1. For Leu194, indicate whether it is away from the ligand (no atom under 16 Å from the Cβ), open to solvent by less than 10 Å² (accessible area, probe 1.4 Å) and within 30 Å of Asn351 (Cα to Cα).
2. Here are some residues: Val329, Val313. Which one is under 25 Å from Ile425 (Cβ atoms), open to solvent by 20 Å² or more (accessible area, probe 1.4 Å) and modelled with pLDDT of 95 or more?
3. Answer yes or no: is there a residue in region 381-400 that is within 16 Å of the ligand (Cβ to nearest atom) and in a loop (DSSP other than H, G, I, E, B).
4. So, restricting to strands (runs of 3 or more DSSP E) that lie completely within region 198-250, which ones have at least 3 residues that are more than 16 Å from the ligand (Cβ to nearest atom), under 14 Å from the mean Cα position of the chain (by Cα) and at negative phi?
5. Go through region 349-371 and give me each residue that's touching a residue at least 40 places away in the same chain (Cβ under 8 Å) and open to solvent by 60 Å² or more (accessible area, probe 1.4 Å).
6. Does region 89-96 include one or more residues that are modelled with pLDDT of 95 or more, open to solvent by 10 Å² or more (accessible area, probe 1.4 Å), of a type in the set (D, E, K, R) and part of a loop (DSSP other than H, G, I, E, B)?
7. For region 110-190, please list each of the strands (runs of 3 or more DSSP E) lying entirely inside it that holds at least 2 residues being within 16 Å of the ligand (Cβ to nearest atom).
8. I'm told Asp362 meets every condition in (1) within 16 Å of the ligand (Cβ to nearest atom); (2) closer than 27 Å to Ala330 by Cα except one. Can you identify the failing condition by its number?
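The values are calculated or read from the model by the stated rules, or taken from the named source; none is laboratory data. Model, not experiment: these values are computed from the prediction. Positions of Cβ are generated from backbone atoms using ideal geometry, with glycine treated the same way; all protein chains shown enter the neighbour counts. For accessibility, only protein heavy atoms count, side chains too; no ligands or nucleic acids. Shrake-Rupley method; radii C 1.70, N 1.55, O 1.52, S 1.80 Å.
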Amino acid sequence: MLRPMRRLFRPATLTALAALGGGWPAVTAAQGRPLTPTQQLAREVYQELIELNTSTNTSGTTIAAQAMARRFRAAGFAESDMFIGGVREDKHNLVVRYRGRGGPNAPKPVLLLAHLDVVEALKSDWSPDLDPFKLVERDGYFYGRGTTDDKAQGAIFVATVLKMKQDGYVPDRDIVLALTADEEGGCCNGARWLVQNHRSWVDASVVLNEGGFGYLKGDKPLSNTIEATQKVFGGFTITAKNPGGHSSLPRPDNAIYQLAAALMKLSTHKFPVELNDVTRAYLERTAPVETAEIGNAMRAILRNPADARAEAVLAKEPMYNSIMRTTCVATMLKGGHAQNALPQTAEVYVNCRMLPDARPADVRAALVKAIGDSSIEVSAAPTRDPRPVAPVTKDVMEAVEAVTKEMWGNIPVIPMMMTGATDAIPWRALGIPAYGVSGIMIDPNDLRAHGRDERLPVKSFYDGLEFTDRLVRRLTTPRVVP
Ligand SMILES: [Zn+2]
């Protein structure tokens, strides 16, 4: 479930980053040159996946899981190294194990995680010459539902593992691929189900998942990101009640006015700035490519999170504001029961994006305090344990930086906290490091995930393939013990 990161970087930042960016080393052959066999394979898998309608609420994922399983069988994978199953017959997941050197000291596997389901798409909503479930390559773009979210990474992972098999590559540990159901919603989240019911198949030392893109300005690479943690979705219903009465006899006390007064207080309420290891790294690495004013404010807030002047500068930018604190915002309102009756109930839904290590009860208490009216009801806090935020591990950060440098020269790798949610959560809850990283470059202002005419630059698909192959090999290359 990717949220649009339209404003990930401010125009000024993009310009500043542009000054940093390196050229494109000629590693890809997408445009105008014949595809390599691996690129050809990846494109075929991509097309096969896109053209299988795996919409969460209509079709299910079993058709795609079986299609990919056929490819692994044909490539010689043993049935014992493959698992297909799920909560429901039409919501199957596929897990494939590519065996490494093994042995008693072998580290736990690297898990490549991608979801097979996509958000609904109606042909009638798309451009007349596009069909969401037909892969179209046109003007340097691949079009189709899932081209960005999340079938590019799925196809790249499938082709990467098949190529390793072909090459006879022997990693220092197993590499496990999990293609899952219902990440976008629905009844049968495969990631959680696998972790809860088939842990041995998906146990890992590290998980690579969606959520981390590289960012382009025009066709120039500016930065690569690694998503290391996520804010947590939660919400409260806030209600004002009143005895009501006949509307021809209005009184000063009124449920709608009372709720409106509470809302005005919430509209200016701000949670305190609280940074974690990931957002500190994000600010540290973004400051040098930001404008002087913003860069200085980032450095100041890193020195002192209570710095009000720095906070005021950063809070002007929705992205930076949401990076440094829990946010809560009113999203749905209802009240009254008849036009000629004084309202007895007025209710608002407030959606919060909590910092991963925030306690929901504390968030609720802050809202109650901000409203300052004990007769207003605030619903109970969602029960959820605070999630520890782990910095990106050294070996993963070094590997991502090394491959990023090889492929795109001197562009920054920026750890980030996502405001949306992905299937990394069940592994993080077990303390297993899970990262959103893909090396798939996109224009942050053209992210069409979940939307109309979803598309991905052709070159970015093949570069993502190259990036992933190099990264997975780098993470699993047997270390020579001196
Ligand atoms: Zn997704």
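1. Working: away from the ligand (no atom under 16 Å from the Cβ): yes; open to solvent by less than 10 Å² (accessible area, probe 1.4 Å): yes; within 30 Å of Asn351 (Cα to Cα): yes.
So Leu194 fits the description; yes.
2. Details: Val313 fails: under 25 Å from Ile425 (Cβ atoms).
Being under 25 Å from Ile425 (Cβ atoms), open to solvent by 20 Å² or more (accessible area, probe 1.4 Å) and modelled with pLDDT of 95 or more holds for just one of Val329, Val313, which is Val329.
3. Checked against the condition, which is being within 16 Å of the ligand (Cβ to nearest atom) and in a loop (DSSP other than H, G, I, E, B), region 381-400 yields no hits at all.
4. On the way: elements: 206-209, 214-217, 220-230, 232-241.
By residue number, 220-230.
5. Selection gives Tyr349, Asp357, Arg364.
6. yes
7. Ranges flagged: 110-115, 175-180.
8. Of the numbered conditions (1) within 16 Å of the ligand (Cβ to nearest atom); (2) closer than 27 Å to Ala330 by Cα, the odd one out for Asp362 is (1).
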